[in-house]
Each structure stands twice: as C-alpha cells, then as structure tokens.
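The values are calculated or read from the model by the stated rules, or taken from the named source; none is laboratory data. All of these numbers come straight from a predicted model, not from anything done at the bench. Here the Cβ is made from the backbone with ideal geometry for all residues, glycine too, and neighbour counts use every protein chain on show.
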Amino acid sequence: MLGLEHPLKRHVRPSARRTAACPGCGNGIVAQSVLRAIEQAGKTLDDFVFCSGIGCAAWIPSPFFHADVLHTTHGRPIAFATGVKLALPDKKVMVISGDGDLTAIGGNHLVHAARRNIDMLVVCVNNGIYGMTGGQTAPTTPVGLRTTTSPYGNVEPSFDICRLAQAAGASFVARWTTFHPRQLTQTLKASLGKRGFSLIEVISQCPVQYGRRTGAGTAVQMLQQYKENSVSVRRAAGMSSQELAGKIVVGVLHDEPRPEFVEQMLRVRASALDSRQRPVG
Ligand SMILES: Cc1ncc(C[n+]2csc(CCOP(=O)(O)OP(=O)(O)O)c2C)c(N)n1
Ligand code: SF4
Ligand SMILES: [Mg+2]
C-alpha cells in the first residue's frame with residue numbers, strides 16, 4: 001500500500017464511499033469537476049445546499065457529498081431549490097440532476113426558475129436518455145435513435161437545453177462534455193461568482209443504457225465522439241447551420257446579468273413590513 005489518498009476524498013461522506021454509478025459512467029467526472037470548482041473558488045461545502053431529483057445523475061451529490069443535500073422527487077429539484085434559496089438567501093444553491101429529470105417531468109420548473117432569474121446553479125447532466133430506468137427516450141434523445149421505447153427510431157426532435165434556458169431568461173448558460181473536465185471546472189468556478197440563474201449542461205456518457213443499446217459504443221468511444229464533435233463557441237460563430245449539424249457547441253453561450261428574484265422578493269417584503277408599521281392617516 002502506498003497510502004495514497006484521493007485529493008477530493010475529504011468531501012465524500014465517510015459512510016458513502018462506494019459509488020452507485022456503473023463503470024465508465026460520466027457521473028464521476030461531473031462530481032469531481034463540481035468539487036474541484038468549489039475548492040478553486042475558495043468555498044467549502046458548508047457554503048452550499050445541493051438539490052437533486054431522481055435518476056442516475058441525481059446520485060452525484062447524494063449521499064456522497066459531505067454537505068447538506070436534498071435528494072428530492074423526480075422532476076422537482078428546482079422547486080425544492082427555490083424554497084431553500086428563499087429561506088436561506090445567503091446559501092449557494094446547486095441543483096445537479098439528469099436531462100430527463102430537469103427537462104421532461106421537471107421542464108416547467110426549469111423554464112420558470114430561469115424566467116424569474118432565481119439565484120441558483122443548475123448542472124444538467126445530459127446523457128440523452130433515461131439512464132436509471134432502462135434507457136427510455138428523453139426530450140434530449142437524438143432523432144432516429146433506437147431506444148427501449150423507440151425500437152424503430154425516435155421521431156421526436158430533441159431540446160437544445162442551453163437555448164431553452166437562455167430564451168426563458170437564464171443569466172448564465174454554458175455547455176461542456178465529460179471530455180472537457182478542466183474547462184468544465186473553470187466554467188463551474190466562474191458560475192459560482194455569478195448572481196442569478198445559471199445553467200451548465202454537461203453532455204455525459206451512459207455506456208450502459210445509451211452506448212450499449214444504441215450502438216454508440218463504450219465509454220471511451222463515446223468520449224472520443226465528444227472530442228471529435230465538439231466545436232468552441234467562437235468557432236461555431238463562423239459556421240453555417242449545415243456545418244453545425246451533429247456538432248456540440250461548447251463554452252459559455254450566454255453571460256448577461258439581470259435583476260435577481262430573491263433579492264427583489266426580500267426588497268418587496270421589507271417595504272411591505274415598513275408600510276405596515278407606518279401610522280395610518
Ligand atoms: C413521478 C415519477 N415518474 C417517473 C419516475 C421514474 N423515473 C425515475 S428516474 C427517471 C428518468 C431519469 O432520467 P434522467 O433524469 O435523464 O437521469 P439519468 O438516470 O439518465 O441520469 C424516471 C422516468 C419516478 N421516479 N417518479
Ligand atoms: S445506467 Fe448509465 S447513467 Fe446510470 S450509472 Fe449506469 S452508466 Fe451511468
Ligand atoms: Mg438522462
């Protein structure tokens with residue numbers, strides 16, 4: 001035994017040191033990127049409350065992060081996070097969950113939290129499928145893909161989650177893949193200094209339900225595909241929509257501050273209390 005210890009081990013709850021993820025899953029890369037970003041931003045896990053829904057990605061913070069974590073119901077982590085943020089405005093609130101959880105059953109919460117510009121970071125782990133329940137088609141599944149619930153090929157066009165969030169009002173939007181852990185860490189770190197609704201989409205491999213069933217291959221082959229198909233925001237700006245077909249545009253896609261919801265609510269509350277205390281007449 002060399003006595004080596006993983007540098008992030010102290011952030012993992014001692015009773016939860018066995019991962020629930022399959023070998024090759026991208027969830028470990030996302031977990032490490034989040035923890036590294038928190039360290040690099042000079043914060044501790046005590047500064048945060050994490051919320052997740054139901055699905056494989058929802059197991060990233062829960063029960064592993066040695067922090068306050070709410071492992072909520074399917075589709076509802078943003079609703080819980082909204083309550084946490086209103087009750088504890090000084091806490092950083094981070095939602096980590098899957099594409100199905102956040103854009104299918106939880107799609108309305110995503111849209112309205114972005115519209116309100118609620119101060120929280122949502123990390124959407126997009127593996128293009130419902131991983132945990134057996135590989136069903138999600139709103140992110142590419143057209144034509146054969147899945148458990150679309151054995152003759154998916155006919156539904158998929159969401160561009162980043163465009164959806166930006167159009168709804170998010171003030172910070174970015175996308176990376178699990179092939180880009182360093183860039184992802186940098187962007188996560190940058191987002192921790194923002195106030196408002198931030199969404200970071202991470203395209204991530206599910207070698208078991210996506211790779212094996214759809215022919216995308218092993219974790220290594222999927223990472224290779226992310227490498228070959230990724231195009232930076234800057235390069236994408238000079239490309240036509242035909243040239244961008246099948247590409248993954250990575251980087252910060254939108255960064256524009258605007259009034260934040262909780263701050264405004266606290267201001268309204270203070271002025272309501274003030275007016276009640278003023279003498280009538
Ligand atoms: C109300 C409700 N509907 C459906 C389910 C079943 N269910 C659990 S996780 C899941 C999909 C998870 O997909 P995603 O959010 O993409 O996470 P992944 O497993 O791919 O990381 C579904 C449909 C549930 N638990 N609760
Ligand atoms: S089913 Fe897919 S997403 Fe879920 S843990 Fe396994 S590899 Fe990861
Ligand atoms: Mg998924």
Open item on the list: So for segment 44-66 (the condition being away from ligand 2 (no atom under 16 Å from the Cβ), farther than 21 Å from residue 190 by Cα and surrounded by fewer than 22 Cβ atoms within 10 Å (Cβ to Cβ)), does at least one residue qualify?
Closed with: yes
Task: Among (1) more than 23 Å from residue 95 (Cα to Cα); (2) in contact (Cβ under 8 Å) with a residue 24 or more places away in the chain; (3) surrounded by 13 or more Cβ atoms within 10 Å (Cβ to Cβ); (4) away from ligand 3 (no atom under 16 Å from the Cβ) - the single one residue 227 does not satisfy - done: (3)
Task: Breaking point among (1) touching a His at 6+ places or on another chain (Cβ under 8 Å); (2) surrounded by fewer than 18 Cβ atoms within 10 Å (Cβ to Cβ), for residue 115 - done: (1)
Open item on the list: Suppose we keep only residues that are among the small types (Gly, Ala, Ser) and away from ligand 1 (no atom under 16 Å from the Cβ) within segment 187-209. Which one would you say is surrounded by the most Cβ atoms within 10 Å (Cβ to Cβ)?
Closed with: 198
TODO: Determine, yes or no, whether residue 135 is within 16 Å of ligand 3 (Cβ to nearest atom), buried (at least 18 other Cβ atoms within 10 Å of the Cβ) and more than 15 Å from the chain's Cα centre (by Cα).
DONE: yes
Task: Residue check, residue 34 over 20 Å from residue 104 (Cβ atoms), among the aliphatic types (A, V, I, L, M) and within 19 Å of the chain's Cα centre (by Cα) - done: yes
Open item on the list: Anything in segment 6-37 that is at pLDDT below 95, among the hydrophobic types (A, V, I, L, M, F, W, C) and within 16 Å of ligand 1 (Cβ to nearest atom)? List them, or say none.
Closed with: 20
Task: Failed condition for residue 72, given (1) of a type outside the set (A, V, I, L, M, F, W, C); (2) touching a helix residue (DSSP H, G or I) at 6+ places or on another chain (Cβ under 6 Å); (3) free of Cβ contacts under 8 Å to residues at least 24 places away in the same chain; (4) within 16 Å of ligand 2 (Cβ to nearest atom) - done: (4)
TODO: Hey, can you tell me all the residues within segment 111-135 that are away from ligand 2 (no atom under 12 Å from the Cβ) and more than 21 Å from residue 31 (Cβ to Cβ)?
DONE: 111, 112, 113, 114, 115, 116, 117, 118, 119
TODO: State the number of residues belonging to segment 86-109 that are aliphatic (A, V, I, L, M), over 9 Å from the mean Cα position of the chain (by Cα) and either within 8 Å of ligand 1 (Cβ to nearest atom) or not in a helix (DSSP H, G or I) (or both).
DONE: 4
TODO: Name every residue in segment 110-153 that is β-branched (Val, Ile, Thr), near ligand 1 (Cβ under 9 Å from one of its atoms) and assigned to a strand (DSSP E or B), in order of residue number.
DONE: 125
Task: Residue in segment 29-39 that is assigned to a helix (DSSP H, G or I), surrounded by fewer than 21 Cβ atoms within 10 Å (Cβ to Cβ) and of a type in the set (S, T, N, Q) present - done: yes
Task: Candidate set from segment 146-158 (those that are in contact (Cβ under 8 Å) with a residue 24 or more places away in the chain and surrounded by fewer than 19 Cβ atoms within 10 Å (Cβ to Cβ)); member that is nearest to residue 197 (Cα to Cα) - done: 158
Task: Selection count, segment 223-281, where residues are part of a strand (DSSP E or B) and of a type in the set (Asp, Glu) - done: 1
